[in-house]
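Asks: Have a look at this one.
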Amino acid sequence: MTQLTTIKEIVEKLKMAEEAEPWMEELAQDSRAGVKNALARWQRQYDKRKIILQEHMAKIAFDRSFAPFEGALVAGVDEAGRGPLAGPVVTAAVILPQEVPELVGLDDSKNISKTERQRLAEIIRNVAIAYSTHIQSARRIDELNIYAATRESMEQAVKTLETKPAFVIVDAMSLNVDCPTESVIKGDAQSLAVAAASIIAKTTRDAMMDDLHNDFPVYHFGKNAGYGTAEHVEALQEHGPCEHHRTSFEPVKSMIAEGRSGR
């Protein structure tokens, strides 16, 4: 069969195959280099898809392991923006259905491109049983400190969920809410719900920083999202901090002490 089939036709047929099929055994005996390369490429892609699916199922199993009873709703909570010199901390809480094939490949937001994060955020909002976000301003961060402000914001995100969860998994934070919680280090890499919250928090904050860039273009918030890049620090030294900079963070704190400020 294969010797009478062009390489182009074989490539197209392989593109349609989701699982290994008997006719591929015959392909393996084909002496043409183009066929061998096409089959090897399909096998690599297949192996990668299997690993991604296994990771997806492991994240689901991790979330279910915290459910206090069969079918219990488990929320994931995460944040974006604890480290920047400017802008808010944004937290999100997400409750996912038990089966979410649409989210195969979902991972910690830091490991995903901006375009892919935006695509996944739209899917999460469509498939989630419930989700919420909370925005903690730079001023509130300065009032409390970054840890306390992030914790308060996460608690508010959980409290404003339209559907009450039976359990909450939090990325590296202990919360005081009206249901059991578990603080998990690198939770966004282990929990599908926490990874979903990470995506919602990150995309929400990025959109806000893009808006702040329009108002304060000298700081390049659209590129640095408020983080202390060399370009951002140079702009701070030239223009001083603006109202969205965190006065409790260095070098902003020292600049304020020296009487320097921007718009």
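Asks: Being closer than 30 Å to residue 245 by Cβ, touching a Ser or Thr at 6+ places or on another chain (Cβ under 7 Å) and at pLDDT 95 or above narrows it down to one residue among 175, 85; which is it? Let's see the steps before the verdict.
Replies: Working: 85 fails: touching a Ser or Thr at 6+ places or on another chain (Cβ under 7 Å).
Testing whether each residue is closer than 30 Å to residue 245 by Cβ, touching a Ser or Thr at 6+ places or on another chain (Cβ under 7 Å) and at pLDDT 95 or above leaves just 175.
Asks: Now a separate question. Mind checking which helices (runs of 4 or more DSSP H) fall wholly inside region 1-100 and carry at least 1 residues that are within 30 Å of residue 161 (Cβ to Cβ) and out of contact with any Gly (no Cβ under 9 Å at 6 or more places or on another chain)?
Replies: On the way: elements: 7-16, 23-27, 33-64.
Because the criterion is at least 1 residues that are within 30 Å of residue 161 (Cβ to Cβ) and out of contact with any Gly (no Cβ under 9 Å at 6 or more places or on another chain), the helices (runs of 4 or more DSSP H) in region 1-100 that meet it are 33-64.
Asks: On the given criteria, is residue 191 more than 15 Å from residue 130 (Cβ to Cβ), assigned by TED's automatic domain parsing to the domain that holds residue 114, buried (at least 24 other Cβ atoms within 10 Å of the Cβ) and touching a helix residue (DSSP H, G or I) at 6+ places or on another chain (Cβ under 9 Å)?
Replies: It is true that residue 191 is more than 15 Å from residue 130 (Cβ to Cβ), assigned by TED's automatic domain parsing to the domain that holds residue 114, buried (at least 24 other Cβ atoms within 10 Å of the Cβ) and touching a helix residue (DSSP H, G or I) at 6+ places or on another chain (Cβ under 9 Å).
Asks: From 133, 115, grab the single residue that is among the polar types (S, T, N, Q), without any contact (Cβ under 8 Å) to a residue 12 or more places away in the chain and either part of a loop (DSSP other than H, G, I, E, B) or outside the structural domain of residue 222 (by TED's automatic domain parsing) (or both).
Replies: 115
Asks: Can residue 198 be described as under 16 Å from residue 91 (Cα atoms), among the polar types (S, T, N, Q), surrounded by fewer than 19 Cβ atoms within 10 Å (Cβ to Cβ) and touching a strand residue (DSSP E or B) at 6+ places or on another chain (Cβ under 9 Å)?
Replies: Here the answer is no, as residue 198 does not meet what is asked.
The values are calculated or read from the model by the stated rules, or taken from the named source; none is laboratory data. Everything numeric in this text was worked out from a predicted model, so none of it was measured. Here the Cβ is made from the backbone with ideal geometry for all residues, glycine too, and neighbour counts use every protein chain on show.
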